[in-house]
Structures are given as structure tokens and as C-alpha cells.
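The values are calculated or read from the model by the stated rules, or taken from the named source; none is laboratory data. Note that the coordinates shown come from a computational prediction; the quantities given were computed from them, not determined experimentally. So basically every Cβ, Gly included, is an ideal-geometry build from the backbone, and we count neighbours across all protein chains shown. Heads up: the accessible areas ignore ligands, DNA and RNA and are worked out on the full protein's heavy atoms, side chains in. Shrake-Rupley method; radii C 1.70, N 1.55, O 1.52, S 1.80 Å.
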2 protein chains.
Amino acid sequence: MFVVVVYDTLAERNPAILKTCRRYLHWVQRSVFQGELSAAQYRSFTEAIKHLIDPSYDSVLIYRMQGPHMVRTETIGQKFTSDSPVL
Amino acid sequence: MFVVVVYDTLAERNPAILKTCRRYLHWVQRSVFQGELSAAQYRSFTEAIKHLIDPSYDSVLIYRMQGPHMVRTETIGQKFTSDSPVL
């Protein structure tokens, strides 16, 4: 499946969230990751995220599609690169 | 078409971006909007965004799908409401 993840988490938790997202997905914008995951990888990823966040404050939004061919992506403005200095 | 928009813009431009996004879409996370747009609405929306952002700094990422049935959405943690005080 093709997955897009957008997180809005307390700044002090961002590095851990980022690290977990990078283990599974590609970084496409400051707090946005995307990529292909198997069902098992998806379960493992969401379990890892559940352990990292504070559900009373943080929010992680996940969109799942059958594959990348189901979606067209457009960027207006800066194309993000994972070398970008922002966190 | 079903559209998901994630923006990463300079704070001083956020209110204008937010206002434009709200005119076309539903607010689903701090800087994430989604909704159904016609092709004409999509063109009008992206033109408005292009006029608002500084393309040398800002980034607006847009995912387009045929319809909301192409995508499954999951939120881990806080469900966002547009009453939330964050900008």
C-alpha cells in the first residue's frame, strides 16, 4: 500500500517521530512522509508511532491508498529535500 | 477529485494560506486540509495559493485522488477539530 503520514507532535517528541518515519518512509515535507509499506510494515510502523506519541496532545494523520498510481502529487513552491535544515 | 493539501509556509503567511484553504477545503490537522474539488475549483485554488506564497521559502504539497473512496484515513492521537486553538 502507499502511505502518506503527516504528524503534528510536541517539538520535543519530533526527533523520535522523525527517526521512526525515516525507518519506514521517505521524507517529503517538514512533517510529511510517504512511501510503500506492506501490511506487516504498516502494523509495525503504526505500533511504533503509538508508543512514541502522547495521544492527549499529538496527532498523526495517515492516508492509505492501494498504490502510488492512485495519487498524483504536486508541489507549489519549494521542493523538499531531506538535506533541508528544518526539523 | 479528492484533494489533500499540506503546507509549510512562513508563519506570517499562514493566516492567508489558511483562509484560502478554508474557502475550498476542510481543515483536518494544523496545516492539513482535504476535500472534494472540481477541476475548475482545483485550478482556482492552486492559482490562489501561487499568489500567496513565496516560492523561494514556502512549500505546499498537494495529493490528488479520483475520489475519497480511493483513500483510507486513520488518525493516531488527537482528532483535530477546526475549533482547536492552534494555528
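Scoring A:A16 on the criteria (1) more than 26 Å from B:Q66 (Cβ to Cβ); (2) facing another protein chain (nearest Cβ under 9 Å); (3) surrounded by 12 or more Cβ atoms within 10 Å (Cβ to Cβ) leaves a single failure, condition (2).
Listed here are the residues, each with its yes/no results for (1) more than 15 Å from the chain's Cα centre (by Cα); (2) farther than 26 Å from B:P68 by Cβ.
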| site | (1), (2) |
| --- | --- |
| A:F33 | no, no |
| A:Q41 | no, no |
| A:T46 | no, no |
| A:D54 | yes, yes |
| A:Y57 | yes, yes |
| A:G67 | yes, no |
| A:I76 | yes, no |
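Just so you know, in region A:57-84 the residues that are open to solvent by 80 Å² or more (accessible area, probe 1.4 Å) and more than 7 Å from chain B (Cβ to nearest Cβ) include one that is modelled with the highest pLDDT, and it is A:Q66.
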